[in-house]
1. So in region 180-210, with the set limited to residues that are of a type in the set (S, T, N, Q) and more than 30 Å from Pro84 (Cα to Cα), which one is farthest from the ligand (Cβ to nearest atom)?
2. Go through region 74-98 and count every residue that is more than 24 Å from Ile64 (Cα to Cα), hydrophobic (A, V, I, L, M, F, W, C) and crowded, with 19+ Cβ neighbours inside 10 Å.
3. Which one of these does Ala177 not meet: (1) within 16 Å of the ligand (Cβ to nearest atom); (2) over 21 Å from Leu89 (Cα atoms)?
4. Taking Arg212 as meeting all but one of (1) buried (at least 24 other Cβ atoms within 10 Å of the Cβ); (2) part of a loop (DSSP other than H, G, I, E, B), write down the number of the exception.
5. Would you confirm whether or not region 221-238 contains a residue that is under 14 Å from Val137 (Cβ atoms) and within 12 Å of the ligand (Cβ to nearest atom)?
6. Name, by its number, the condition in (1) small (Gly, Ala, Ser); (2) crowded, with 19+ Cβ neighbours inside 10 Å; (3) at pLDDT below 95 that does not hold for Ser167.
7. Scan region 160-174 for residues that are among the polar types (S, T, N, Q) and near the ligand (Cβ under 10 Å from one of its atoms) and jot them down.
8. Is it fair to say Ala218 is at pLDDT 95 or above and within 16 Å of the ligand (Cβ to nearest atom)?
Amino acid sequence: MEKGYKLPRFGADGEPGKETGNAMLRMINDFNADDDSDGIPASGPPSGGGTEDPARPLPQPKIIVPRESNSELNKFYGTARANPPEGYLSWFNFPVGDMKLFSRSGTDLKDYDGDGNDEHRCHSRIVESLEAALQDVYTTIGKDEFYRQGWHVYAGCWNYRAKRGGSSLSVHSWGCAVDINPAQNNWKQYSTSFSEDAFDAMERHGFLSAYRAWGHDAMHFQKCTFAYVKSNSHYGRNGYPSWIVEA
Ligand SMILES: [Zn+2]
């Protein structure tokens, strides 16, 4: 069953797909090149910068993310505001042209091409990695699974607001968190429509999963560590991925 389907709207150079993601990984690698203390396997002679052993997998580049606290997030991303300054936020694109967009109240937005709605803008510092992460999910699980798991149902990113049931700010206030497919992955659901390899793909670009931190609210991914991790959760048992390190 083939859906009518646009080409990925990806990259100013019009070059879609994995190459963009790989280029992004190289950029991240370069960006974090001063912090590779445990990225290289200890076995074998040190590399003199010459030939690479093709049998040895490249280490995952380190990704620096802030800790989830108002002060650390303000320091890393700039102060969260209801009306952030010019350049704080950027529009981001999706790996599929017909991605459905919903507001937090469930209203179908449809018009996501710059009409002033804020729900599909993110912090400018994460726009490339967010696009690369969604593209990586798409490439990893394939088009059919992407739709079946509901990755095309976008439910918000930047949103200046208080945390659920609290007075401190939600990480959405900095535009460094994204919600996907809330109908099957909401706060009350201790199950998820997303596959493990899809979570892994998000993590390759620094996006940590609320499901892996708490065992519910699987719609939510954030590019900062969690203020709270349940001890019996995925991260509680295994820790964060080794390449995601706190600033
Ligand atoms: Zn969220």
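The values are calculated or read from the model by the stated rules, or taken from the named source; none is laboratory data. The shown structure was predicted, so the numbers you read here are calculated from the model rather than taken from an experiment. Note that we place each Cβ from the backbone using ideal geometry, even for glycine, and neighbour counts take in every protein chain shown.
1. Of region 180-210, the ones of a type in the set (S, T, N, Q) are 181, 184-186, 189, 191-193, 195, 209.
Subsequent filtering for residues that are more than 30 Å from Pro84 (Cα to Cα) retains 184, 189, 191-193, 195.
On the way: Gln184: 15, Gln189: 14, Ser191: 17, Thr192: 14, Ser193: 16, Ser195: 19 Å.
Per the criteria, the residue is Ser195.
2. Number satisfying all stated conditions: 1.
3. Evaluating Ala177 over (1) within 16 Å of the ligand (Cβ to nearest atom); (2) over 21 Å from Leu89 (Cα atoms) leaves (2) as the failure.
4. (2)
5. Of region 221-238, the ones under 14 Å from Val137 (Cβ atoms) are 221.
Of the ones still in play, those that are also within 12 Å of the ligand (Cβ to nearest atom) are 221.
Taking every residue of region 221-238 in turn, at least one turns out to be under 14 Å from Val137 (Cβ atoms) and within 12 Å of the ligand (Cβ to nearest atom).
6. Among (1) small (Gly, Ala, Ser); (2) crowded, with 19+ Cβ neighbours inside 10 Å; (3) at pLDDT below 95, the lone unmet condition for Ser167 is (2).
7. Here is the first cut: in region 160-174, the residues among the polar types (S, T, N, Q) are 167-168, 170, 173.
Ser170, the sole residue that qualifies.
8. On the way: at pLDDT 95 or above: yes; within 16 Å of the ligand (Cβ to nearest atom): yes.
When the stated conditions are applied, Ala218 passes them.
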